[in-house]
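The values are calculated or read from the model by the stated rules, or taken from the named source; none is laboratory data. Here the structure is a predicted model, which is why all the values come from computation and not from measurement. Backbone-built Cβ (ideal geometry, glycine too); neighbour counts: all protein chains shown.
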Amino acid sequence: MAMAMAAALFLLLLLLPALAAAQNQTFSANDGPWRPTETNRTLVSKSGSFGAGFLPSPSSPGKFQFAVWVNANPDRTVIWYAHKNNYAAVEADGSSTLAIDAAGKLSWTAGSSVVWSPSPAMNASASTTSLNDSGSLVHGAWSSFGEPTNTLMPLQAIPGAGTNHSITLQSNNSLFQLLNSYTLQHGTFMYANISSSVTPLLNFTPDGTLLLSGGSSLIASDKDSPRRLRRLTLDYDGNLRLYSLQPNTRQWRVVWQLVQELCTIRGSCPGQASICVPQGADAITCVCPPGYHSLGLGAGCAPKMNYSGRGNDDKFVRMDFVAFSGGAVTAVLDPGNYMTKLSPQNLADCESKCRANAGCVAFGYKFGGDRTCLHYTSLVDGYWSPATEMSTYLRVVASNNDTNNFTGMTTMIDTVCPVRLALPVPPKQGRSTIRNIAIITALFAVELLAGVLSFWAFLRKYSQYREMARTLGLEYLPAGGPRRFSYAELKAATKDFSDVVGRGAYGTVYRGELPDRRAVAVKQLQGVGGGEAEFWAEVTIIARMHHLNLVRMWGFCADKEQRMLVYEYVPNGSLDKYLFAHGHGGDGDGDGGRKQPVLDLHTRYRIAPGVARAIAYLHEECLEWVLHCDIKPENILLEDDFCPKVSDFGLSKLTSKKEKVTMSRIRGTRGYMAPEWVIHREPITAKADVYSFGMVLLEIVSGRRNYGFRQDSVGSEDWYFPKWAFEKVYVERRIDDIIDPRIVQAEAYDDDAASVATVERMVKTAMWCLQDRADMRPSMGKVAKMLEGTVEITEPVKPTIFCVQDD
């Protein structure tokens, strides 16, 4: 046994040089022909991060591709492969060879035919071929970076950049392309642009910034993370994504993607009448509409039964939030291809015109006041999304009874309550005077009694009809409006309002679960004035405020005197539970005493711009000007990945009209209120929210309450949190004193230049937000850019001491 082990060890020692020699940093003519079957022979970069060589074809057994991949990833992600003008990977069998001839020309040949060779325009001739640490395969003047496939690497020069930006990336699906560094297309149809203006992509930096022409940029979620390998890839599903290689797991993570709703990508569900439905954030499913059946994977759907087209044996099935062929946008860009855009008088007119046309298989109608009507002659690229604001009416046979899974709230109730009133016929007059007087007196008494009884019955029925009218009002909700819940539904969902998750200035928040298993947060409002119609209108406005960093409102309750709002449930709770702990200047009430993990500096920096962008959206992008009036860590919620979501926005709109106009009552929380709330001669503007955000920004950096960390640290009655932070950063130059001690004590903390620059940027931005004069504070839009580093921040002025004394 010992002799066998010794022989095996000796054989391994003999093989180690051969195995090491199989990985070379250069390939030359002296190395001899390179065959695909030599699986241990690879070309590696100097740092070992990238490799190049032959890989088995994923689609053709027995054939190989020549590619460049990432060695740091266990799956060896391919970033470039040998291809021709059609961007399809070239393949050959194991008998082919890659070699450099005497003239220095690199060629991959199979027999007498050339499978692939670098572009002749580059005059590629050199004695060696090498792989750079950037991932570029180089042979003389030729580089693989000049002929990209579906992936771009950091600082890769885009061919034609600065002139016409003529780059073309093509996904492995071969149906999706990034043309001219700007437009994503499926075949000849455009479905997304990199930016709202025509600003093509130049390249992207190693820190995760996508640089666009004109000086603008797009920033990844993990920007400034050191030592991360990144790649920009046009994926198989047609989405352009930026990936970051995690150093611990050596797996790729998506840190930015161009298209957020995957179903809006053209060709996601191929075939006729197929409808794309999102399954979470990263998956989709293709389903058939009612009256249709599936023809197989990728083949689309077909009608179960056909109608005659004469209009006497069909009906229309309404599908809310469903559109085909890109909806109204495509009808403008590509009229007459799959649909016709009309301007009818109303919904009935749009339906009648479709029924009169035998080739009209469906029509779409947008309930937005502009009477948009689309007649479909072919159902292509169907998708479901509340953002469509459109309903599609599908033409099916009249006998179809399939279940419709695309119904909104507007068709859930169909109630008719007729009211019939009748008066008694008066009796005939008698001939005698006495009889006439008696009859008149009796009739008067009867009529008086009947009037009293009728008025009482009217009041009783009015109370019943008023409750039914509240339900019937749902017929007038716009498509995509909030759902109206009854008090009984929310009482059952919250288990009789037993699970309290928070209390605030506007009411108490309870956790609940809807019948469809969705977790919700139900806020029971207090002190809300105004009638039901006014409350309904303002709730609809708040529900239309959609932003990545705003908590989504799903519905409301206006049942008698009850006023409640139903929000999505954010699992990680509020930011204050992670910032403030016992002994760190906080209240010490974090989640019932349960210790929360310490947020590192990078995560805190990600939270700050997200909150700033959400408040900027409320101030500058909503149809109505919205003030938050109560920005504090308790109103900033965190998702599983610590993506911030601002809550309690727009609730100041639900108070009485007098308070909305005069702002006579001080709003907000002690320690976060701007000076103008106390100095009544100053008008209240959006700059009041800017001040509150500045105070929150200092708390994010320091992990201390602005009003709870005083004498223990400085021993003075006049301690002022912004003044203390300013002196630490700009007078004493002691950055570590302002950073949360838990971060500094952590093993992962790295006191490098990037961390110091991040803290200085956050503190400098906070100092500008905390100026006592409102006109000196920047807008929230500019605050977001200051945090992102896209605008230069001048040296701030030292904030003046201001505080609100306790009552």
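Numerical summary
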read-out: Breaking point among (1) surrounded by fewer than 20 Cβ atoms within 10 Å (Cβ to Cβ); (2) modelled with pLDDT under 90; (3) farther than 22 Å from Leu697 by Cα, for Phe556; value: (1)
read-out: Filtered residue count, region 529-563, keeping only those that are touching a residue at least 40 places away in the same chain (Cβ under 8 Å), over 27 Å from Thr388 (Cα atoms) and part of a loop (DSSP other than H, G, I, E, B); value: 3
read-out: Near pairs, Cβ below 8 angstrom, 6+ apart or cross-chain, from region 22-37 (closer than 22 Å to Asp93 by Cα) to any residue that is acidic (Asp, Glu); value: Ala22/Glu38; Ala29/Asp101; Pro36/Asp93
read-out: Of the criteria (1) surrounded by fewer than 18 Cβ atoms within 10 Å (Cβ to Cβ); (2) under 25 Å from Leu242 (Cα atoms); (3) touching a strand residue (DSSP E or B) at 6+ places or on another chain (Cβ under 7 Å), which one Pro58 fails; value: (3)
read-out: Identity of the residue in region 243-266, of a type in the set (A, V, I, L, M) and not in a loop (DSSP other than H, G, I, E, B), that ends up farthest from Pro303 (Cα to Cα); value: Leu245
read-out: Any hit, region 616-630, residues being modelled with pLDDT of 85 or more, outside any loop (DSSP other than H, G, I, E, B) and touching a His at 6+ places or on another chain (Cβ under 7 Å); value: yes
read-out: Count of region 220-240 residues which are under 16 Å from the mean Cα position of the chain (by Cα), over 15 Å from Pro206 (Cα atoms) and not aliphatic (A, V, I, L, M); value: 1
read-out: Every pair of residues 6+ apart whose Cβ atoms lie under 8 Å, when the first sits in region 286-306 and is in the same structural domain as Ser378 (by TED's automatic domain parsing) while the second is modelled with pLDDT of 90 or more and of a type in the set (Phe, Trp, Tyr); value: Cys301/Tyr292; Ala302/Tyr292; Pro303/Tyr292; Lys304/Tyr292
read-out: Condition met for Val115 (surrounded by 13 or more Cβ atoms within 10 Å (Cβ to Cβ), without any contact (Cβ under 8 Å) to a residue 24 or more places away in the chain and under 22 Å from Thr149 (Cα atoms)); value: no
read-out: Matching option when the condition is surrounded by fewer than 18 Cβ atoms within 10 Å (Cβ to Cβ) and under 19 Å from the mean Cα position of the chain (by Cα), among Ser196, Ser216; value: Ser196
read-out: Residues of region 193-232 satisfying the condition of being in a loop (DSSP other than H, G, I, E, B) and on the phi > 0 side of the Ramachandran plot; value: Gly208, Asp224, Arg227
read-out: Hits in region 290-301 (condition: loosely packed, with under 15 Cβ neighbours inside 10 Å and modelled with pLDDT of 90 or more); value: His293
read-out: Which listed residue is in contact with a strand residue (DSSP E or B) (Cβ under 9 Å, 6 or more places away or on another chain) and surrounded by fewer than 16 Cβ atoms within 10 Å (Cβ to Cβ), from Gly364, Gly382, Gly368; value: Gly368
read-out: Out of Cys286, Cys269, sole residue that is in contact with a Cys (Cβ under 9 Å, 6 or more places away or on another chain), in a strand (DSSP E or B) and among the hydrophobic types (A, V, I, L, M, F, W, C); value: Cys286
